[in-house]
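One structure is given below, encoded as structure tokens.
Here, each number is a calculation from the coordinates, and none is a lab measurement. Everything numeric in this text was worked out from a predicted model, so none of it was measured. Cβ placement follows ideal geometry from the backbone for every residue including glycine, while neighbour counts extend to all protein chains displayed.
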Amino acid sequence: MIQSMTGYGKCVLQLPTKKISIELKSLNSKNLDLNARMPSVYREKELRVRKMIANKLTRGKIDFSLYMELTGEDTASNINKTVITRYMQQLKTVVDMNEADLLQMAIRLPDAIATEREDIDEEEWKAIENDIQVALEKINTYRTEEGNALEVDFRKRIENLEGLLAQVITMDPERVEGVRSRLRKGIADIKEKVDENRFEQELVYYIEKFDITEEKVRLHNHLEYFIQTLDSKDSNGKKLGFIGQEIGREINTIGSKSNYAPMQKLVVQMKDELEKIKEQLLNVL
């Protein structure tokens, strides 16, 4: 089973005097890259929240956002009259504006609104933590569903590679005979008599140099190992990436040794399938 690193989870918690919105978004990344945005009143809980997220989401670029909207009558914000008056006096020396416009400008400046520090209600925080866990479950469900779609595509690509490898195996005797014929034609063209035993020895050496038997076996084993890793319980994108590199190495060697145009066309198709696999592997957890 594999999981994608792309995911989204959201929860909305309605409390007596406020509404809490929790959002989690994730994209692909080599490691866990967590960015957290929270209101200052909950900032002391940030390390705890980061630990909760790291326990559930091991890799990916994660954006965590906790938004608070006050819905009750009581608020902890008051107009800071002293600061606003001082701002207006200073602004008068810079711009020629009426009192209403100066007030509108001054109230937007820093510390114009005084916010009282609130202590976190532990029961309230327990409810928020519970919803964070729910959002984490949602993002993991999303990741699993995306992973299922990726897995279907991977199996299709590996099946295509197996089919192309089968064509390479079928074509190989024809390729070897083609090499033999070209050598004989080359000897005939220069109209020289050759020692047949010597010629066969040189031919065997030449054909062994371009033999791809080991590459065919290794490539088949790598393709099987890729599927076995897909079937494992854990999602391991890094491991699949390493196997993909080994698959690419064998395909490249077959291409360089083939020396036969029809087989090289198959190699190009194999490289195309593998490139599509590698692109998708970047998004696997």
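Some points to look at:
- Computed over segment 147-281, the range of Cα coordinates on each principal axis works out to 64, 21, 19 Å, biggest value leading.
- Close amide H contacts of Ser29 (hydrogens built in the peptide plane, cut-off under 5 Å, sequence separation of 5 or more or a different chain): Gly60, Lys61.
- Cut-off 12 Å between beta-carbons: net charge of the residues surrounding Met5, Lys and Arg +1, Asp and Glu -1: +4
- Global dimensions of the chain from alpha-carbon coordinates: Rg and Dmax equal 33.5, 111 Å.
- Two-decimal log10 I(q)/I(0) for segment 33-99, as the Debye equation yields it once each C-alpha is a single scatterer, q = 0.21, 0.25 Å⁻¹: -0.90, -1.07
- Amide H contacts of Leu70 (H built 1.01 Å from N, in plane; Pro and chain starts excluded): Lys19 sit under 5 Å, all sequence-distant by 5 or more or on other chains.
- One way to sum up the overall shape of segment 30-177 is the equivalent ellipsoid from its Cα gyration tensor, whose semi-axes run 60, 24, 12 Å, largest first.
- In nm, spacing of pseudo-spin labels at Lys30 and Val134 (7 Å Cα→C-beta vector): 3.8 nm
- Of Ile139, Thr253, Val12, farthest towards positive along the dipole that unit charges on Lys, Arg, Asp, Glu beta carbons give the chain: Thr253
- Charge context of Arg157, other residues only, Cβ under 15 angstrom, K/R +1, D/E -1: -4
- Cα-only Debye scattering, segment 1-64: base-10 log of I(q)/I(0) at q = 0.12, 0.16, 0.26 Å⁻¹: -0.34, -0.58, -1.21
- Nonlocal amide H pairs with Ala36, under 5 Å, H built at 1.01 Å: Phe64
- Applying a threshold of 24 Å to the alpha-carbon distances of Lys25/Lys156; Lys45/Lys138; Lys239/Lys276; Lys51/Lys138 flags Lys25/Lys156 as lying beyond it.
- Contour excess over end-to-end distance, with Cα ends at Thr93 and Ser65 and 0.36 nm allotted per residue: 6.0 nm
- Per-peptide packing, taken as the mean over residues of other Cβ atoms within 10 Å, places 248-256, 23-31 in the sequence 248-256, 23-31 from highest down.
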